[in-house]
Amino acid sequence: MKTSNPEGAENKLAVCTVCGKINKIINLPADKNLKCARCSNKIFFRKKESITKTLAFLAAALIFYIPANIQPIMFTNNFGDQSSQTIITGVISLLNADLWLLAAIVFTASVAVPLAKILVLIILLVSVHFKWDYFYVQRTKMFLIVDIIGKWSMLDVFLISLMTGAVKLGTIAEVTPGPALRSFTAVVILTMAAAATFDTRLIWDNKNDT
């Protein structure tokens with residue numbers, strides 16, 4: 001939090017990310033090495049290099065998102081009949097097996113949600129870069145939704161395993177994970193990291209409350 005310019009104000013508040021204590025900083029030290037009065041954790045007024053780090057994580061997530069969707073997510077071997085499936089073809093297999101609900105869950109969690117997280121964070125970065133002077137509350141809510149979804153991101157990987165079991169034909173077929181699973185896991189981790197490094201206060205920097 002800040003009362004004026006974060007670099008020039010003498011009395012400022014800084015929230016500790018470890019214990020949650022709101023620290024009142026009377027005089028800013030010359031080296032700006034601030035520690036929490038309760039737990040001695042190092043505290044910052046802002047997340048360092050937020051835009052650069054978030055952009056880097058998003059770029060990496062986009063790179064991994066492509067092979068995660070075009071490479072095989074699993075291989076099946078049924079009496080010597082070998083085949084491979086991507087996430088999309090796996091969803092189609094679930095639809096063909098009349099498992100509509102499971103297909104919808106897998107598609108949403110494994111395709112739609114990761115892409116939505118990436119697109120929302122890109123929109124937020126663009127809005128900060130071009131200093132949008134509107135939709136402050138809406139943009140903040142967009143981030144909060146992404147952050148909440150991020151806490152359940154590993155559910156995507158679990159659903160891939162669930163999909164693998166669903167298409168398995170009893171105990172006859174042998175199912176093994178494909179290379180897309182590694183890429184998909186990377187997308188999950190990178191989008192979580194991108195959300196963690198984005199500083200929502202950047203959205204409000206241009207807000208004039210007067």
Being part of a helix (DSSP H, G or I) and either at pLDDT 70 or above or touching a His at 6+ places or on another chain (Cβ under 8 Å) (or both) is the filter here; which residues of the range 166-188 pass it? 180, 181, 182, 183, 184, 185, 186, 187, 188
If I filter the range 31-53 down to residues being of a type in the set (A, V, I, L, M, F, W, C) and free of Cβ contacts under 8 Å to residues at least 60 places away in the same chain, which single residue comes out as farthest from residue 111 (Cα to Cα)? 37
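In this structure, does residue 56 turn out to be among the hydrophobic types (A, V, I, L, M, F, W, C), without any contact (Cβ under 8 Å) to a residue 40 or more places away in the chain, closer than 19 Å to residue 190 by Cα and in the same structural domain as residue 146 (by TED's automatic domain parsing)?
Working: among the hydrophobic types (A, V, I, L, M, F, W, C): yes; without any contact (Cβ under 8 Å) to a residue 40 or more places away in the chain: yes; closer than 19 Å to residue 190 by Cα: yes; in the same structural domain as residue 146 (by TED's automatic domain parsing): yes.
Criteria met by residue 56.
If you go through the range 89-118 one residue at a time, how many are of a type outside the set (S, T, N, Q), buried (at least 17 other Cβ atoms within 10 Å of the Cβ) and either more than 22 Å from the chain's Cα centre (by Cα) or at pLDDT below 85 (or both)?
Restricting attention to the range 89-118, the residues satisfying the condition of being of a type outside the set (S, T, N, Q) are 90-92, 94-95, 97-107, 109, 111-118.
Next cut, buried (at least 17 other Cβ atoms within 10 Å of the Cβ) only: 90-91, 94, 99, 102-103, 105-107, 109, 111, 113-114, 117-118.
From the residues that got through so far, the ones that are either more than 22 Å from the chain's Cα centre (by Cα) or at pLDDT below 85 (or both) too are 90-91, 94, 99, 102-103, 105-106, 109.
Residues that pass the stated criteria total 9.
With 47, 53 as the choices, which residue is at pLDDT below 85, crowded, with 16+ Cβ neighbours inside 10 Å and charged (D, E, K, R)?
Details: 53 fails: at pLDDT below 85.
Of 47, 53, the one residue that is at pLDDT below 85, crowded, with 16+ Cβ neighbours inside 10 Å and charged (D, E, K, R) is 47.
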If you go through 209, 199, 147, 156, the only one that is modelled with pLDDT under 65, among the charged types (D, E, K, R) and in contact with a helix residue (DSSP H, G or I) (Cβ under 8 Å, 6 or more places away or on another chain) is 156
Considering only the range 143-152, I want to know if a residue exists there that is of a type outside the set (Phe, Trp, Tyr), farther than 17 Å from residue 197 by Cα and assigned to a helix (DSSP H, G or I). no
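The values are calculated or read from the model by the stated rules, or taken from the named source; none is laboratory data. Treat the numbers as computed from the prediction; the structure is a model and nothing was measured. Quick reminder, even Gly has a Cβ in these numbers, built from the backbone with ideal geometry, and neighbours come from all protein chains shown.
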